[in-house]
Every structure is written in C-alpha cells, then in structure tokens.
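To keep things clear, I will list the structure first and then write my remarks on it.
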Amino acid sequence: FVSMKNVEVAPSPLWLQCALVAMGSKAINNIVDATNYVMLLTAQPTHAYDYDKLRGKKIGARMAQKGEKLPLLNGNTYALNEDDIVIADSEGAIGLGGVMGGGNSEVSAATKNIVLEVATFDMYAVRKSSMRHGLFTDALTRFNKGQSPLQNARAMSLLIKTIQDVSSAQQASNV
C-alpha cells in the first residue's frame, strides 16, 4: 500500500480516456482510470481507496469474519464468510480482495488523499469468493490466471507515475 496526498479527482486527460476505450474499458475519473490503465497494461490489478474514508486510518488484508457485511462498488452488500479475503480498515472490510473494492472507501470527486493497492492474492481463494458471490470483474479475470508478487513493485511504480502524469495534465489544463 502507498498513500498519496492532495490529489485532485477530475476527468482524465483525453489520451487516457481514448486509451481505455481502445482497450475495452471506460473512463470514470483520473484516479480510477489510472488504476485500470495500469491493470490493462501490466495484467496486474490495482486499486485506489479514499484515505479519508478509512476508519482508524489503517488498511491491511485479512480473512473475513463469518457474517461480516461488505457494501461493494456495484451497489450491493454481501455477507462474507471465513474463506473470503478482505481488505480492511480498523473497523471492518472495505474491499473483497482480488475481486472488487468497497463502496465505503470509493474514490469520488470529494477525495483528496488516496491509498493505492497493488497486491497478489491466491487465485483459488479469489475464484471461490467470486463464484460464491456471483461477482466477475476484470481484476478477478487476471487473478484467476495467477499473479507473480515479483511484479508488484514495478506495477506500483507505474501506477504512481501515471497518477502523477494525469494529475499534472489536469493542473496544466486548469491554468
């Protein structure tokens, strides 16, 4: 995990929007688009969380607790079990590891500080969670094939650079 302060969430530059469409994706905002762009370039899923929405300002991975509830980015809430890997803050789950981020930590226009995730999850565990909850995502498709933890540092560096580039482009267009 890496945090970044004072980001500006805005529409992505045209080059990034076009690149995403050409790769079969869609533009959302500059931060989310950067995570999707890096995933599509490297096959390594990445995710951004709104740091200021993290309870206790802590984040980590753990196994879910039986019956723990998690609202996801798709607008639905899921009851988890002990076989689900979650990303959690100090009070509860904020993402279903390797599958989808949580709605309670979503990057929005109000976001000012972010936490970036580049992780490797067990492909069998995320596949089982996906099947159990009926969730099929671009990230899951890549984790199903198995990811090497050796690429995480490179993907994180590229993600940071891409966010800096799209943030600089946004600031330049505001001048």
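Of Ser108, Ser129, all but one fail to be farther than 18 Å from Met39 by Cα and open to solvent by 10 Å² or more (accessible area, probe 1.4 Å); the exception is Ser108. Across the stretch 111-126, the qualifying residues are those that are hydrophobic (A, V, I, L, M, F, W, C) and either touching a His at 6+ places or on another chain (Cβ under 9 Å) or at pLDDT 95 or above (or both), and the one among them that is surrounded by the most Cβ atoms within 10 Å (Cβ to Cβ) is Val118. When the stretch 54-96 is filtered for residues that are in a strand (DSSP E or B), of a type in the set (A, V, I, L, M, F, W, C) and either open to solvent by 50 Å² or more (accessible area, probe 1.4 Å) or over 23 Å from Thr120 (Cα atoms) (or both), the ones remaining, listed by number, are Ala61, Met63, Ala79.
Count of the stretch 29-88 residues, restricted to those that are farther than 30 Å from Leu14 by Cβ, of a type in the set (A, V, I, L, M) and out of contact with any strand residue (DSSP E or B) (no Cβ under 9 Å at 6 or more places or on another chain), is 0.
For Arg154, state whether it is among the basic types (Lys, Arg) and either over 19 Å from Val99 (Cβ atoms) or open to solvent by less than 40 Å² (accessible area, probe 1.4 Å) (or both). Considered against the rule, which asks whether it is among the basic types (Lys, Arg) and either over 19 Å from Val99 (Cβ atoms) or open to solvent by less than 40 Å² (accessible area, probe 1.4 Å) (or both), Arg154 comes out as yes.
Residues are listed down the side, and each one gets a yes or a no for (1) in a strand (DSSP E or B); (2) surrounded by 20 or more Cβ atoms within 10 Å (Cβ to Cβ); (3) out of contact with any helix residue (DSSP H, G or I) (no Cβ under 7 Å at 6 or more places or on another chain); (4) modelled with pLDDT of 95 or more:
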{"residue": "Ser12", "(1), (2), (3), (4)": "no, yes, no, yes"}
{"residue": "Leu16", "(1), (2), (3), (4)": "no, yes, no, yes"}
{"residue": "Val21", "(1), (2), (3), (4)": "no, no, yes, yes"}
{"residue": "Gly24", "(1), (2), (3), (4)": "no, no, yes, no"}
{"residue": "Ile31", "(1), (2), (3), (4)": "no, yes, no, yes"}
{"residue": "Ala34", "(1), (2), (3), (4)": "no, yes, no, yes"}
{"residue": "Tyr37", "(1), (2), (3), (4)": "no, yes, no, yes"}
{"residue": "Gln44", "(1), (2), (3), (4)": "no, yes, no, no"}
{"residue": "Ala48", "(1), (2), (3), (4)": "yes, yes, no, yes"}
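Consider the stretch 122-137 and keep the residues that are assigned to a loop (DSSP other than H, G, I, E, B) and more than 13 Å from the chain's Cα centre (by Cα). The one that is nearest to Arg62 (Cα to Cα) is Asp122.
Within the stretch 138-159, the set of residues being in a helix (DSSP H, G or I) and among the basic types (Lys, Arg) comprises Arg142, Arg154.
The values are calculated or read from the model by the stated rules, or taken from the named source; none is laboratory data. None of the values given here were measured: they were computed from a predicted structure. Using ideal geometry, Cβ is built from the backbone for each residue, glycine included, and neighbour counts are taken over all protein chains shown. Heads up: the accessible areas ignore ligands, DNA and RNA and are worked out on the full protein's heavy atoms, side chains in. Shrake-Rupley method; radii C 1.70, N 1.55, O 1.52, S 1.80 Å.
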